Structure formats: C-alpha cells, structure tokens
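What follows is a single structure, written as structure tokens, with notes after it.
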Amino acid sequence: MGGIADATRGVAGAAQQATLEARVERLTKLVHILWKEAERLESMVHATQGGLRIKNGFAEVFVKKNGEVVITGQRIELKASGEINIKGQKVRINDNAV
C-alpha cells in the first residue's frame with residue numbers, strides 16, 4: 001500500500017528541498033551584497049567625538065557637535081528655486097567681510 005503515494009510524496013519533498021536551497025542561496029548572495037554596501041558606506045560616513053563626517057572623493061561635509069558645519073570641496077554650488085539667505089554675525093567671502 002502507498003507505493004505511488006510514497007513516491008509522489010518523495011518527489012514533492014525533493015522539489016520543496018531544492019526550492020528551499022535555491023532561496024537560501026539567493027538570500028546568502030543578497031546578504032553578501034548588502035554587507036559590501038555597508039562597508040562602502042562605512043568608509044564614507046564617520047561618527048567622531050566632535051561630530052559627523054561624510055566624505056566622498058574630494059568632497060566633505062563635517063557637522064560638528066558645537067553647531068558648526070564645514071563644507072569642503074573643489075566646487076560648491078547652491079541652488080534654490082527661490083531666495084538663498086545667508087545670515088550670520090559675520091559673513092566673509094574670500095576673507096573679506098560683507
């Protein structure tokens with residue numbers, strides 16, 4: 001009794017096992033991809049005692065705990081669809097007070 005039924009269950013079980021193994025393999029590849037991306041981001045973003053530094057190539061943004069923000073780059077461009085307001089106790093352009 002059950003010869004064909006047992007064989008059918010065995011085939012179904014093997015198919016389920018193969019599907020499960022394929023899913024595990026795909027998830028393992030995705031984890032490796034995510035890990036590499038996390039390492040790449042870790043090399044660009046650094047939390048320091050003084051603040052948060054984001055660096056990519058020649059560009060850098062450093063947000064300091066004391067409220068200071070330093071933007072460094074070969075070329076810095078500000079764009080707005082409206083006004084750009086610069087406010088500060090002292091505003092210097094090329095070391096000349098404005």
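Where a number appears in this text, it was derived from the coordinates with a stated rule and is not lab data. Remember, predicted model here, so these are calculated numbers, not experimental data. Every residue, glycine as well, gets a Cβ built from its backbone with ideal geometry; the counts of neighbours run over all protein chains shown.
I'm told Glu77 meets every condition in (1) farther than 29 Å from Ile93 by Cα; (2) loosely packed, with under 10 Cβ neighbours inside 10 Å except one. Can you identify the failing condition by its number?
Unmet for Glu77, out of (1) farther than 29 Å from Ile93 by Cα; (2) loosely packed, with under 10 Cβ neighbours inside 10 Å: (1).
Given the conditions (1) surrounded by fewer than 10 Cβ atoms within 10 Å (Cβ to Cβ); (2) within 16 Å of the chain's Cα centre (by Cα); (3) among the charged types (D, E, K, R), which single one is not true for Lys55?
Failing condition for Lys55: (1).
Looking at this structure, is Lys55 over 28 Å from Glu39 (Cα atoms) and without any contact (Cβ under 8 Å) to a residue 60 or more places away in the chain?
no
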